[in-house]
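What follows draws every value from the coordinates through simple rules; no lab data is involved. Fair warning: this is a prediction, and the values are worked out from it, not measured in the lab. Don't worry about glycine lacking a Cβ; one is built from the backbone with ideal geometry, like all the others, and counts go over all protein chains shown.
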Amino acid sequence: MIEKLENILLHVVQRNPGEVEFHQAAREVLESLAPVLTKHPEFTEHKIIERICEPERQIIFRVPWEDDNGEVQIHRGFRVEFNSALGPYKGGLRFRPSVNLSIIKFLGFEQIFKNALTGMPIGGAKGGSDFDPKGRSHREIMRFCQSFMTELYRHLGEYTDVPAGDIGVGGREIGYLFGQYKRIANRYESGVLTGKGLDFGGALVRTEATGYGLAFFTEEMLKSRGKSLAGKTCIVSGSGNVAIYAIEKVQQFGGNVVACSDSDGVIYDERGLELDIIKQLKEVERRRIKDYAEIQRRAVYRDGGNIWEIPCDVALPCATQNELNGKDAEILVKNGCIAVAEGANMPTTPQGVRIFLDSGIAYGPGKAANAGGVATSALEMQQNASRDAWSFEFTEQKLQQIMTDIHQRCHDTAEEYGTPGNYVNGANIAGFIKVAKAMVAMGLI
Ligand code: NDP
Ligand code: 2IT
């Protein structure tokens, strides 16, 4: 990295001590930006990078609630409103015990550039809580969501900040959050949250969007190398929202998905996974992936197993940050993997990314490959604003076009800036330039 950028990064690290995930995300973007500064001296003059690395607003709040035994529980809520140059703050909420300010900031930072890449008018934000929804009753989840929204509502609005789901936050949670917002604000403001139920302002395809978009992006990467998903052996980590609909679309493209996982272990079936069983276990019964092997006896379950050791043509990490390290990347490349595309945010460690880039396989970073979710959230906002509801086919077509466009933009930008085939540079540079230009135009704010 050039000295000027190293100095900016050093400053970011010093100002945000201990926030290792945020440092990692910032470094990864800044490493791409040297040629941009040469072409655009105005970005340096206006200190655009320094400003982008400082969130516009960070909110941390107490979330007290009462569990089913009448015991008081206290959690911490976060919302980091990172950048609103392109539109209202937009990004998901994560409920997971490991959530802290560093994780929310890395996610919010990634979201700025991802949202810019979609071409939709949305700024970047992220939020969540260290609350663990696992094992909690529906009523406990409802009480937690109500307490969370009782504080957060004052910062939200369809023109201000529009959250959605992420790990641990799906349709059920968004429903409770929306209900509480509506009650406190006394406004039926459909566009204040996305990922809503289809009966109250939700959009068709939003549930499927991240996973479907990931498969569309992967197909585009393969197509540009004269290949396709048809007939390919695929592995998908995780078994949540993103993983499930990535598997569905890969199967529709004719790929054979042989493995998926959760934080306990991995299931493997060389003849291909049955998605209906996974959906029933995970979406309906909220059970563990090991139960799959009890229902479909052909499958093998490995407790604590490493999914990346399973030979495959295509690997789609769809669980969480830093789930795929340098060693895993080496194994994948050695086993003949030709494409990796990230459904999760920052799932590959910097060493892993380096190995993928050096190997010359097709590697699609999360901020490009998983942008279909937030893009379809923006389509939901569009439908809410016009009090309209589009068909599944129409919306899916739009999603596919958006993913094709993102792929093209990353591909062309990588080429323009002298690193053909490097989607990391393509995504970082294309996303950054759009936000930076808007910030320059708006003056010092
Ligand atoms: P879900 O909560 O629906 O599913 C998460 C899945 O990942 C679960 O199977 C979970 O297993 C697994 N997982 C979570 N943490 C770990 C861990 N530390 N180690 C191993 N497995 C883990 O979340 P989503 O599918 O919505 O999100 C998955 C990823 O995709 C996240 O990185 C998220 O930021 C990203 N993403 C999500 C979007 C969306 O629209 N939902 C959009 C773009 C990106 P377990 O059940 O054991 O916890
Ligand atoms: O990481 C992400 O892009 C999301 N969790 C989706 C955000 C959104 O607002 O739909």
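Identify the residues of segment 59-92 with backbone N under 16 Å of a label point that sits 7 angstrom from the Cα of Ala441 along the Cα-to-Cβ direction, or state none.
84-88, by backbone N distance to the label point.
Ala427: net charge of surrounding residues, Cβ under 9 Å, Lys/Arg +1, Asp/Glu -1, itself excluded?
Residues close to Ala427 contribute a combined charge of +3.
How large is the Kirkwood hydrodynamic radius of the chain, in angstrom, based on all distinct alpha carbon pairs?
So the Kirkwood estimate lands at 21.9 Å.
Find how many whole Å separate the alpha carbon centroid of segment 188-266 from the alpha carbon centroid of segment 1-76.
So the separation of the two Cα centres works out to 28 Å.
Aspartates and glutamates near Lys196 by alpha-carbon distance under 12 Å, same-chain residues fewer than 8 away left out - which ones?
Excluding near neighbours in sequence, the set is Glu173, Glu380.
Where in the chain lies the longest segment free of GluC sites (Glu not before Pro) that are both loop residues by DSSP (not H, G, I, E, B) and have at most 14 other Cβ atoms within 10 Å?
Longest gap between qualifying sites, sites excluded: 72-269.
What pairs from Lys47/Lys126; Lys223/Lys327; Lys126/Lys334 go past 30 Å between their alpha carbons?
Lys126/Lys334
In segment 7-164, how does Rg compare with the Kirkwood Rh, expressed as the Rg/Rh ratio over alpha carbon atoms?
Value, to two decimals: 1.04.
Find, among the chymotrypsin sites (Phe, Trp or Tyr not before Pro) in segment 140-215, those assigned to loop by DSSP (not H, G, I, E, B) with at most 16 other beta-carbon atoms within 10 angstrom.
Tyr159, Tyr188
May I have the pair-distance distribution P(r) for segment 323-445, computed from all Cα-Cα distances with 5 Å bins from 0 and rounded to whole percent?
Bin by bin from 0 Å, the calculated values are 2, 10, 16, 18, 16, 15, 11, 7, 4, 1, 0.
Starting from 0.36 nm per residue, how many nanometres of slack lie between Met1 and Ser137 once their C-alpha separation is accounted for?
Computed gain between Met1 and Ser137 is 44.0 nm.
Give me the dipole magnitude in Debye, nearest 20, for segment 196-339 about the Cα centre, with unit charges on the beta carbon: positive for Lys and Arg, negative for Asp and Glu.
Computed about the Cα centre, the dipole is about 220 debye.
Take peptides 426-437, 350-361 and line them up by average Cβ neighbours within 10 Å, highest first, as a rough protection proxy.
426-437, 350-361
Bin width 10 Å, alpha-carbon pairs only: give the P(r) of segment 4-70 as whole percents, running from 0 to the bin holding the largest distance.
16, 42, 20, 10, 8, 4, 0
Going by a ≥ b ≥ c, the root eigenvalues of the Cα gyration tensor, does segment 95-231 fall in the rounded group (a/c under 1.5), the prolate group (a/b larger than b/c) or the oblate group?
In terms of gyration-tensor shape, prolate.
Anyone know which of Ala164, Ala209, Ala293 comes out most mobile in the 10 Å Cα GNM of the chain?
Evaluated over the chain, the most mobile residue of the options is Ala293.
I want the antiparallel fraction of DSSP beta bridges within the chain, as a percent rounded to 5.
DSSP beta bridges in the chain are roughly 55 percent antiparallel.
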